[in-house]
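Note sheet for the following structure.
The values are calculated or read from the model by the stated rules, or taken from the named source; none is laboratory data. Fair warning: this is a prediction, and the values are worked out from it, not measured in the lab. Reconstructed Cβ throughout: ideal geometry from the backbone, glycine too, with neighbour counts over all protein chains shown.
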Amino acid sequence: MKTRIAAVGDIHLGEDVRGRFRARLEGIEERADILLIAGDLTRHGTVQEGRVVADELRGLPIPVVTVLGNHDYHSDAEEEISGLLRDAGVTVLDDNSTVVDGHSTLGIVGGKGFGGGFAGKCASEFGEPETKAFVRHTKEIAERWRVGLKELQADHKVVLSHYSPVKDTLDGEPPEIYPFLGSYLLAEAVDAEGADLILHGHAHLGSEKGMTPGGIRVRNVALPVLGRAYAVYCLDGCDPDEE
């Protein structure tokens, strides 16, 4: 049996659009077995926006797993937003993992991710404390993902991130901001342990398809890139691009 993953990111919900995203998810259970959301659920990371997101996702007929994005951290209410989502039955990953049973077991490792840039054009852990802290944060996240993938026991493994692990899916964004859109360290960690698919958002002007140096498919599922409520990727021996 196929495992069908619906995915989207950067939905940026607020009170003025309450009910509209939920309407776009009507019948999702006929097309997918799980919904993964790649961060930036809110616009400004307020608790009120978090309540809207929780209400939009509450009671969906398929499991929902999400990570937070940079917008969800903006008002320093990320813990409250995560709590609202969990109360609504949504699994929120923060550099950890979950396993969902279905036709086959799907293991998901994920978190926000972070920036730093890509091989040959990246920041290094050198110089001012602020620069070293920036790069160290990404290194620590990448290591947690690597360990999570290594320990995960599942038929299939998917990585869910907000920031991008490759520059392929950033094509269309200004190159000057690539270091703030993702890091090659994330891809290195996933390539070290293996996965079937990596999903991310964040790059609204990017492109959908990319690949890690190790040959793992990467998909940018930011809503402005997809141009639709979600994309569906298929595992279990079929092309993950099947929609």
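Quick look at the values:
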| quantity | calculated |
| --- | --- |
| Boolean, SER97 is modelled with pLDDT under 95 and either part of a loop (DSSP other than H, G, I, E, B) or not aliphatic (A, V, I, L, M) (or both) | no |
| GLY83, sole failed condition from (1) under 17 Å from GLY111 (Cα atoms); (2) part of a loop (DSSP other than H, G, I, E, B); (3) more than 16 Å from the chain's Cα centre (by Cα) | (2) |
| Long-range neighbours under 9 Å by Cβ, at least six apart or interchain, first residue free of Cβ contacts under 8 Å to residues at least 60 places away in the same chain within region 70-99, second of a type in the set (Lys, Arg) and outside any loop (DSSP other than H, G, I, E, B) | ILE81/ARG51; LEU84/ARG51; VAL92/ARG86; ASP95/ARG144; ASN96/ARG144; SER97/LYS157 |
| Close pairs (8 angstrom Cβ cut-off, 6 or more residues apart or separate chains): hydroxyl-bearing (Ser, Thr, Tyr) in region 116-128, buried (at least 16 other Cβ atoms within 10 Å of the Cβ) anywhere | SER124/VAL135 |
| Residue check for ILE108: outside any loop (DSSP other than H, G, I, E, B) and touching a Gly at 6+ places or on another chain (Cβ under 7 Å) | no |
| Conditions (1) assigned to a strand (DSSP E or B); (2) surrounded by fewer than 19 Cβ atoms within 10 Å (Cβ to Cβ); number of the one not met by GLY210 | (2) |
| Considering residues of region 211-243 that are at pLDDT below 95 and among the charged types (D, E, K, R) only, the residue farthest from ARG20 (Cα to Cα) | ASP236 |
| Residues of region 111-124 satisfying the condition of being surrounded by 14 or more Cβ atoms within 10 Å (Cβ to Cβ) and either at pLDDT 95 or above or assigned to a loop (DSSP other than H, G, I, E, B) (or both) | GLY111, LYS112, GLY113, PHE114, GLY115, GLY116, GLY117, PHE118, ALA123 |
| Residue check for LEU149: surrounded by 24 or more Cβ atoms within 10 Å (Cβ to Cβ), assigned to a helix (DSSP H, G or I), of a type outside the set (Val, Ile, Thr) and in contact with a helix residue (DSSP H, G or I) (Cβ under 8 Å, 6 or more places away or on another chain) | no |
| Selection count where residues are free of Cβ contacts under 8 Å to residues at least 12 places away in the same chain and not in a helix (DSSP H, G or I), scope region 1-45 | 2 |
